[in-house]
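The structure appears right after this line, and notes come after that.
What follows draws every value from the coordinates through simple rules; no lab data is involved. Note that this is a predicted model, so its numbers are computed, not measured. Ideal geometry is used to build each Cβ from the backbone, glycine not excepted, and the neighbour counts take in all protein chains shown.
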């Protein structure tokens, strides 16, 4: 089966999905209530047995604000399919998007990371808790309204409790130029290589 065949079968089974073909890739956009059935169909009927990634996008200032993107791959056919779902802020908070961790075990951590960083909740997730930030952290750092310097914290035993300065520091560098190896301490010293 080719990607064109899979996309045609998917479109027939899910006529409400909006299809976009761009640069040899096919994406289908679905509503939150349709995404679980669509993903199950892609896995069980079309053979997209590998969930490559689940990611999220914050379209701050637009409605719907969020998108969750599922990257699927068929190991047997060597084809890639993308499904995405737009969510309003209310839908993201109300767990309108169901978990797919029962379809692919790896979705467990992907969905936890999206919750931790973006605040999007997944309905019926078996263990939806933070995976990178500590329990009780009140913010979602990958949202576009989260300031670059961070926000203060009332947790004194945590290393970074105050916003970070934007000028200088280990994570702030200037534009790249011919002295980058001297300026950037993490740059490799290519002069030390043996011929």
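Some notes on this structure:
- Only Cα pairs under 8 Å and 6+ residues apart enter the sum, and on that basis the relative contact order of region 3-157 stands at 18 percent.
- In this calculation the C-beta distance from residue 40 to residue 137 is compared with R0 = 30 Å, giving a FRET efficiency of 0.35.
- Cα-based shape type of region 3-157, given that a ≥ b ≥ c are square roots of the gyration tensor eigenvalues and the cut on a/c is 1.5: prolate
- By average C-beta atoms within 10 angstrom, highest first, the peptides 14-27, 52-65: 52-65, 14-27
- Distance between the 7 Å Cα→Cβ label points at residue 78 and residue 19: 2.4 nm.
- The spacing between region 109-126 and region 11-57, judged by their C-alpha centroids, is 19 Å.
- Theoretical FRET efficiency, 1/(1+(r/R0)^6), r = Cβ-Cβ of residue 49 and residue 129, R0 30 Å, to 0.05: 0.60
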